[in-house]
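Beneath this line is the structure, given in structure tokens, with notes to follow.
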Amino acid sequence: MGEYSLGDAIEQFLRKSRLKGAVQALQITDVWEEIMGKTIAKYTESIKIYGDKLYITTSVAPLKQELLYQKDTIISRVNEKLGGNVIKEVVIN
């Protein structure tokens, strides 16, 4: 039996359990401003992960349009920040 640090053990547990998605869904709200900037974060009403989809809600029409153009960038940045291929699609409401 090998030795693991607590962080490694938790990471391994999350990788194998169903909790990983729930933890990442919570993380996205914490890192959204860091990923997209203060202005976008300020006008984002809701951001959630369900499965492999990122749902972004805003009532600001120009921001919706901008986010539509940036879908690939958003996927790339979120996946990089969350450490894996978590998001495959972005849905903007």
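A few points about this structure:
- So SER59, is it exposed (fewer than 14 other Cβ atoms within 10 Å of the Cβ), touching an Asp or Glu at 6+ places or on another chain (Cβ under 8 Å), modelled with pLDDT of 80 or more and of a type outside the set (Lys, Arg): yes
- Residues located in the range 46-67, provided they are in contact with a helix residue (DSSP H, G or I) (Cβ under 6 Å, 6 or more places away or on another chain) and either over 17 Å from GLN27 (Cα atoms) or assigned to a helix (DSSP H, G or I) (or both): THR58, VAL60, LEU63
- Test: residue in the range 25-45 that is more than 20 Å from ASP72 (Cα to Cα), in a helix (DSSP H, G or I), out of contact with any Leu (no Cβ under 7 Å at 6 or more places or on another chain) and at pLDDT below 90: yes
- Residue pairs whose Cβ atoms lie under 9 Å apart, sitting 6 or more positions apart in sequence or on different chains, and linking a residue in the range 68-93 that is farther than 19 Å from THR29 by Cβ to a partner that is among the polar types (S, T, N, Q) and assigned to a strand (DSSP E or B), do not occur here.
The values are calculated or read from the model by the stated rules, or taken from the named source; none is laboratory data. Quick caveat, the model's predicted, so the values are computed rather than measured. Virtual Cβ from ideal backbone geometry, glycine too; neighbours counted across all protein chains shown.
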